[in-house]
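Trainee: Okay, here's the structure, questions in a sec.
Since every read-out is calculated from the coordinates, none of them should be taken as a lab result. All of these numbers come straight from a predicted model, not from anything done at the bench. Every residue, glycine among them, receives a Cβ derived from its backbone with ideal geometry; neighbour counts consider all protein chains shown.
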Amino acid sequence: MSVDSVFVHKMWNDCELAKMVKGGIPFPMLSDSGGKVGSAYGIYDEDAGVENRGRFIIDPEGIIHAYEVLTPPVGRRVDETLRQIQAYQHVRKTNGGEATPSGWRPGKPVLKPGPDLVGNVWKVWKTSMEND
Amino acid sequence: MTEKAKVGCARPTGGLVGQAKEQTEATQDQQPFQEVRKMIQVGKPAPDFASPAYHKGDFTSVKLSDYMGKWVVLCFYPGDFTFV
């Protein structure tokens, strides 16, 4: 979503993005002229008249679980967004019974929060597990 | 004579000329009455919205609540044809 009109979205997709991504952008490109939606999400920059680089992860019940906001010059990292979605999906699947530690990726050890784990996380998780 | 603008990642914006000081004073007077914008909260519902969209060749409309039951990644960005 940006403040650009749907017409500019079409031209940008057809002229440039389709050269990067085969078939063009597969998901809807939204138009937020005037920044009303961006303002509701707290990322519209009124002075510049553009949206900041905000990214929100929303679950199937419509609840926001995570967001990240960057100023314009720096791009996001997509695999971190995917990692976060996979982590939230895991937590949801286990009904919150399992939590994902720092640096978690699918297949890596999870944590089972409970009284037994208090003060004992060091036994089941090492800082070296942060890295792949 | 127009100067060549340095192009960055945010869209260059225009604005009024010569009235800036007046406007600042007026805003300061109004500050106690200005609405405080609520910070977006994690763990709370995402604000529902409907907006025009371009999707695979069609101009259409998208509503967030249409996606209930699915995971959604909502990405905002400064502008088409900018660089990042």
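Trainee: Averaging sequence separations of C-alpha pairs under 8 Å and six or more residues apart, then dividing by the length of the range A:18-132, give the relative contact order as a whole percent. Intermediate results must be reported in sequence, preceding the final value.
Mentor: Working: 94 pairs, mean separation 13.5, N = 115.
Computed value for the range A:18-132: 12 percent relative contact order.
Trainee: I've got another one for you. How would A:117, B:16 line up from fewest to most surrounding beta-carbon atoms within 10 angstrom? Could you put the intermediate results ahead of the total?
Mentor: Working: A:117 14, B:16 8.
Arranged by neighbour count, lowest to highest, A:117, B:16 become B:16, A:117.
Trainee: List the pairs from A:93/A:123; A:22/A:93; A:19/A:108 whose alpha-carbon separation is above 30 Å, in the order I gave them.
Mentor: Values: A:93/A:123 25 Å; A:22/A:93 33 Å; A:19/A:108 36 Å.
Too far apart for the 30 Å limit: A:22/A:93; A:19/A:108.
Trainee: Using only atoms on other chains, find how many Cβ atoms lie within 10 Å of each Cβ of peptide A:31-42 and report the average.
Mentor: On the way: counts 7, 4, 2, 0, 1, 2, 8, 2, 2, 7, 6, 6.
Neighbouring Cβ atoms belonging to other protein chains average 4 per residue here.
Trainee: A further question follows. Counting Lys +1, Arg +1, Asp -1, Glu -1, what net charge surrounds residue A:90 among other residues with beta carbon under 15 Å of its beta carbon? The partial results should precede the final answer.
Mentor: Values: positive: A:83, A:92, A:93, A:105, A:108, A:112; negative: A:59, A:98.
Result for the local shell: +4.
Trainee: So if I place +1 on the C-beta of Lys and Arg and -1 on the C-beta of Asp and Glu, and nothing else carries charge, what would the dipole magnitude of chain A be about its Cα centre? I want it in debye, nearest 20.
Mentor: On the way: 16 positive and 17 negative charges, 135 e Å.
My answer is approximately 640 debye.
Trainee: Let me ask you something else. For helix A:78-93, what angle does its Cα long axis make with the longest principal axis of chain A, in degrees from 0 to 90 and rounded to 10?
Mentor: It works out to around 50 degrees.
Trainee: Suppose a student asked you for the relative contact order of the range A:1-41, using Cα pairs under 8 Å spaced at least 6 residues apart; what percent would you report?
Mentor: Working: 31 pairs, mean separation 22.9, N = 41.
Result for the range A:1-41 is 56 percent.
Trainee: Whole angstrom only: what separates the Cα centroid of the range A:1-38 from the Cα centroid of the range A:69-86?
Mentor: For the range A:1-38 versus the range A:69-86, the Cα centre distance is 18 Å.
Trainee: Using a basic spin-label model with each label point 7 Å from the Cα along Cα→Cβ, how many nm lie between residue A:126 and residue B:66?
Mentor: 5.1 nm
Trainee: Could I ask something else about it? Putting +1 on Lys and Arg Cβ atoms and -1 on Asp and Glu Cβ atoms, find which of A:7, A:74, A:48 reaches farthest to the positive end of the dipole of chain A.
Mentor: A:74
Trainee: Where Lys and Arg each count +1 and Asp and Glu each count -1, what net charge lies around residue A:20 among other residues with Cβ under 14 Å from its Cβ? Provide the component values of the computation, followed by the final result.
Mentor: Details: positive: A:19, A:22; negative: A:14, A:16, B:80.
Every neighbour counted, the sum reads -1.
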